[in-house]
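In what follows, a single structure is set out as structure tokens and then discussed.
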Amino acid sequence: MHDRILVAVDGSDGQPVAMAHALALSAATDATIDVLHVLDRGLSSLFSTTDADTLRERGEEFLADAETQATDADQSVETHLVEGTPHDAILEFADEHGSDLVVMGRHGPTGVRERLLGSVTDKVLRQGSVPVLTTCYDGPTDPDDVAVEKLLVPTDGSDEAEAAGPWAGDLAGRFDAPVDVVNVIDLLVDAGPFDAGGVSQEFIEKLEANGQEATDRVADRIHETDPAVSVSTTVTRGRPHQALSEYVPANDVDLVVMGSHGHSGVGESLLGSVTNRVLRLVDVPVLVVPPRK
């Protein structure tokens, strides 16, 4: 599950954070790390030959910085410099080299409640078929400081959401961390037009029972991967993205593992609305797992 990790770097302040997480995962899994920088073909075409050479030199510096960070952690990486459209080149590289996981920075500081998702990261998440670990702008830059002490796996009961279970089980087992599996009942959506006259207790109890079944299925998937992992299940109410973003700090969660799509997903090229908003709200890394093929 973690034989080859791809880190996409761009020289931003978030690059050392993404590298630190990749190095921490590699130390726990013995995975090979590929570090990739893409020379944006669109930008290169706008500049003179001299300016294009400068962009290449900067790209080589970004890769050298990543290599130095790995060396400082007594690890090694393989570096790659390619030209193309960034998200396409990242996905093509992952496919051609058999990457099991892509690690990318998620966003920078914007001063707003819901941060802007980086355009390249967003496209990789929407169009890719490989799991993507998105890291925070201001996270740790030393792999020894990367904490994986509690995981959160949200589920809406869909097969797509359950796909996160094996990944959570594998990581939790390697880091000896417990997992919280959470289902959020959204009465505004689940009750629909029937909410006009109020929702019966019987209907709510049915939703809660369905939510418990959903969390139990994910717990089973986790235990199929590693029976020793400690798993707790919770069914709560609220707007899913808000409830989950509040659950993270309230329960000391330091890694969210979730499916890229749920019941609201309408196609493989679309990022689920809840996943999309959680990515923009939480201050911890989020591992997004695409649907199983």
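Of all residues in segment 129-149, those that are closer than 13 Å to ALA24 by Cα have Cβ atoms under 7 Å from Cβ atoms of residues that are among the basic types (Lys, Arg) and in a loop (DSSP other than H, G, I, E, B), 6 or more apart or on another chain, in THR135/ARG106. Annotation note: Cβ proximity below 8 Å between a residue of segment 244-256 that is among the polar types (S, T, N, Q) and a residue that is outside any helix (DSSP H, G or I) (sequence gap 6+ or interchain) occurs for SER245/VAL282; ASN251/LYS150; ASN251/LEU152; ASN251/ASP180. Within segment 274-285, the presence of at least one residue that is touching a Pro at 6+ places or on another chain (Cβ under 7 Å) and modelled with pLDDT under 95 is confirmed.
Can you find a residue that is in contact with an Asp or Glu (Cβ under 7 Å, 6 or more places away or on another chain), on the phi < 0 side of the Ramachandran plot and assigned by TED's automatic domain parsing to the domain that holds VAL282 anywhere in segment 189-203? No, segment 189-203 has no match at all.
Which helices (runs of 4 or more DSSP H) does segment 1-92 wholly contain that include 3 or more residues that are outside the structural domain of LYS123 (by TED's automatic domain parsing)?
No helices (runs of 4 or more DSSP H) qualify here.
Going by what's in this entry, would VAL189 be described as among the β-branched types (Val, Ile, Thr) and in contact (Cβ under 8 Å) with a residue 24 or more places away in the chain? No: the conditions fail for VAL189.
Inspect all residues belonging to segment 107-119 and state whether any of them is outside any helix (DSSP H, G or I), of a type in the set (A, V, I, L, M, F, W, C) and at pLDDT 90 or above. No, segment 107-119 contains no residue that is outside any helix (DSSP H, G or I), of a type in the set (A, V, I, L, M, F, W, C) and at pLDDT 90 or above. Number of residues in segment 122-177 that are within 19 Å of SER273 (Cα to Cα), charged (D, E, K, R) and either modelled with pLDDT of 95 or more or not in a loop (DSSP other than H, G, I, E, B) (or both) equals 6. No other residue among GLY169, GLY157, GLY165, GLY173 is touching a Gly at 6+ places or on another chain (Cβ under 8 Å) and either surrounded by 24 or more Cβ atoms within 10 Å (Cβ to Cβ) or of a type outside the set (A, V, I, L, M) (or both) apart from GLY157.
The values are calculated or read from the model by the stated rules, or taken from the named source; none is laboratory data. Predicted model, so just to flag it, every value in this text is computed and none were measured. Glycine gets a Cβ as well: all are built from the backbone with ideal geometry, and neighbour counts include every protein chain shown.
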